Amino acid sequence: MLYVIGWIVIVLMVAFGLGFVVFVHELGHFLVAKCCGVKCEKFYLGFDFGGLKLCKFQWGETEYGIGIFPLGGYVKMLGQEDNPARLREEMERAQKGNEGRGTGSEETAETPVLGYDPRSFLAQSVPKRMAIVSAGVVMNLIFAFVLAVAAYWIHVEQSPCIVGGVFPGMPAWRAGLQAGDEILEIGGKPMREFRDLQKTISLGDLPESGVPMLVRRRGAAQPLTITVLPDQMFGAFFVGVSGPITNRLADDRKTWLVQNSPAVWPGTTAAAASPGFQNGDVILSIDGKPVDDYAQINAALARTADQTIHVTVNRRTGPDSVVLKQISVAPNPVRQLGLVLTMGDVAAVQSDSPAAKAGIQRGDRLERVDGRPIDDPMRLPDQLNAQAGKTVRLTLDRKGSPVVVSVVLREPSSYMPPQTIGAPVGVESLGLAYQVLNRVERVAKDSPAAKAGLQAGDLLLEAKIEKNALPDLDLKQKAIAIPLGEKELSWPTFFSALQTTLPGTSVDLTFLRDEQRKTVTLKPVMATDWFTPDRGFVFEPMRFLHGADSFGQALRMGGQETLDALTMVFRTLKALGTGQVSGRNLVGPVGIIGWAVHSADQGVAKLLLFLTMLSANLAVLNFLPIPVLDGGLMMFLIYEGIRGKPANEHVQVVLTYLGLALILLLTIWVFGLDFNWIPRR
């Protein structure tokens, strides 16, 4: 029942918030038009195409209503028409005729246009029409500022600019960035929040030589400067880091839409531990060694994957009392299907790593370790990490020639499984990452894959993890489909996702054999001699309250947020124009509603910041010089003000049709992306 009520509350908050952004825009046009004496015939939220509307009422000379198509709104003024097909008709309707028109009088941009009803939009002087047209944008800017001030007065939960994890093979990993590093500056620009990092990398001006990052690292006397060269994937630049995480297990606080956040993942050894873990437990030490943050916990788990660990937690039992609990957690077996896939090439080598010092290069292929063939590419990292401190002899294939190198393996300092399509497998003890091909190398005897009939040489095309749920936890898992094939090197990503499946989950595996496509269903089984460092802990993200201590400070912070939102729109448009960001990353109404729901579920302040961004977007985009938008009409008015007469009617109609076609194409494009009719990749 609470879940249903929560959805109702969120829907109402989002509907009101999005509707109000549109409302203030149209209110700006309406109020200034009224002040200029223009007759406003309609004021609508949403569009009433074909006369379809949810409601309407008449007040004075204006009809107010809500259209059935919730994609914006409009104010209909006498003599103003956005539809080029009805432009001539509307101009004729607004004309009074030429009776009383003076002769010999000189008209300027400041004088009303004669020959039209004095209350029509067309009869107003150019400055008045400019004021009416720009009023919507001005109101959106004012509204964005007010929302931002309110958000910071309430205080907003944000994440600090601290690295929670570094993805193997990605730019940050190659450059040597580590979990727990605090990023102070990027290219000389101060970083306060994690979103600052995301915006700077995806929308900033990125030099070809890389982006210098000033980093504070635990144990270092002075901040370090690390230069990272971002990669482009899925139509945007990225460095490959995750947000900061605490050493506190998921809190028991509930949002409207998330009714239960487990402290440990079901089906893991952390969930089976006795006494059990509880929401809000703070991990203080592992095997007697203190841990202050997630980075230290992650390093400890990476070093003890095959060992039972003893975890000391701080547990709050009341408002003023805490107790210490020591809980033993057994090794967590790997979920597997019995498939061994083909080793791929080295995808990346970390700077100043054992692999880099040994001369291993991108494009090499690992073939043997101490003279023995590699048993399983997915298992190799754990096998090498277990030999930390030892020297191993690696045999590589380099462009068809064998190369033998000796490497001293280092202690693994973190564990981060592949989480994006095409991500490689990282070997922390070596400091390299390699791809795994989707061709089956061999099938383990009596395994789920063997029983399903899979054979060596089969080419995997897709892996689909079927959804499952545990009603007692109100925990639902969505079905996940991961593309494989010859180009999509995504077996490591699928294998990583397999480790977080709920008990009883099945996998549909589609493969190609002798040009025939087949699909089989398998049930993962637990390995008896292979363990994952991830014991199943669910940690809280690191957050801090960012807000104002005085109204004056709220005004300054709100102004900066509004300015940042405006510049972000311009930077996004620039990035789209230069190809730095792909048009496939755009979102339409469905995506905007999804973002709004997510923001509202995080609190009123988060929703206000989202609406600030949305209002700033609406202001900028609506003022682009595209006919049918306010910016296009402003361009016609500027022309009229300079020339002293309106642009040729035929030219206006043609340009308006072109603008309308552009808007329709953009609408189709974003709806296609929202509904997955157009692939985002």
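The values are calculated or read from the model by the stated rules, or taken from the named source; none is laboratory data. Not measured: the values here are computed from a predicted model. When we count neighbours, we look across all protein chains shown, and the Cβ atoms used for this are built from the backbone with ideal geometry, even at glycine.
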Exercise for the section: List the number of the failed condition for A131; all other conditions in (1) surrounded by 24 or more Cβ atoms within 10 Å (Cβ to Cβ); (2) on the phi < 0 side of the Ramachandran plot; (3) small (G, A, S) hold. Expected result: (1)
Problem - Complete set of residues in segment 58-75 that are under 31 Å from the mean Cα position of the chain (by Cα) and aliphatic (A, V, I, L, M) - result: I68, L71
Exercise for the section: Please list, ordered by first then second residue, the pairs with beta carbon atoms under 6 Å, 6 or more apart or interchain, first in segment 656-672 and among the hydroxyl-bearing types (S, T, Y), second part of a helix (DSSP H, G or I). Expected result: T656/P84; Y657/P84
Problem - Condition met for G169 (in contact with a strand residue (DSSP E or B) (Cβ under 6 Å, 6 or more places away or on another chain), at positive phi and either among the hydroxyl-bearing types (S, T, Y) or buried (at least 18 other Cβ atoms within 10 Å of the Cβ) (or both)) - result: yes
Problem - Residue ranges of strands (runs of 3 or more DSSP E) in segment 1-80 with at least 2 members of a type in the set (D, E, K, R) - result: 40-47, 53-59
Exercise for the section: Return yes when S447 is farther than 30 Å from F234 by Cα and either small (G, A, S) or crowded, with 23+ Cβ neighbours inside 10 Å (or both) and no when it is not. Expected result: yes
Problem - Which numbered condition R410 misses (of (1) within 19 Å of P492 (Cα to Cα); (2) within 35 Å of the chain's Cα centre (by Cα)) - result: (1)
Problem - Top-ranked residue in segment 529-587 [being within 24 Å of I162 (Cα to Cα) and among the aromatic types (F, W, Y); ranked as surrounded by the fewest Cβ atoms within 10 Å (Cβ to Cβ)] - result: F544
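Check every one of the helices (runs of 4 or more DSSP H) wholly within segment 601-681 and list those with 3 or more residues that are within 30 Å of G547 (Cβ to Cβ), in contact with a helix residue (DSSP H, G or I) (Cβ under 8 Å, 6 or more places away or on another chain) and of a type in the set (A, V, I, L, M).
Values: elements: 604-622, 630-643, 649-674.
Per the criteria, 604-622.
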Problem - Filter result for Q602 (modelled with pLDDT under 90, farther than 15 Å from G235 by Cα and in contact with a strand residue (DSSP E or B) (Cβ under 9 Å, 6 or more places away or on another chain)) - result: yes
Exercise for the section: Mind listing whichever residues of segment 323-349 are assigned to a strand (DSSP E or B), within 30 Å of A452 (Cα to Cα) and not charged (D, E, K, R)? Expected result: N332, P333, V334, Q336, L339, V340, L341, T342, M343, G344
Practice task
Would you kindly identify the strands (runs of 3 or more DSSP E) lying entirely within segment 227-314 that contain at least 1 residues that are modelled with pLDDT of 90 or more and over 30 Å from T578 (Cα atoms)?
Solution key: 245-249, 282-286
Handout entry: Residue selected from segment 398-440 under the condition among the β-branched types (V, I, T) and touching a Ser or Thr at 6+ places or on another chain (Cβ under 6 Å), by the criterion nearest to A302 (Cα to Cα)
Key = V408
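Filter segment 200-209 down to the residues that are surrounded by fewer than 16 Cβ atoms within 10 Å (Cβ to Cβ) and either in contact (Cβ under 8 Å) with a residue 40 or more places away in the chain or not acidic (D, E) (or both) and list them by number. Break it down stepwise before answering.
Taking segment 200-209 first, the residues surrounded by fewer than 16 Cβ atoms within 10 Å (Cβ to Cβ) are 205, 207-209.
Within segment 200-209, P207, S209 meet the criteria.
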Problem - Residue within segment 538-545 that is outside the structural domain of L621 (by TED's automatic domain parsing) and over 23 Å from Q419 (Cβ atoms) present - result: yes
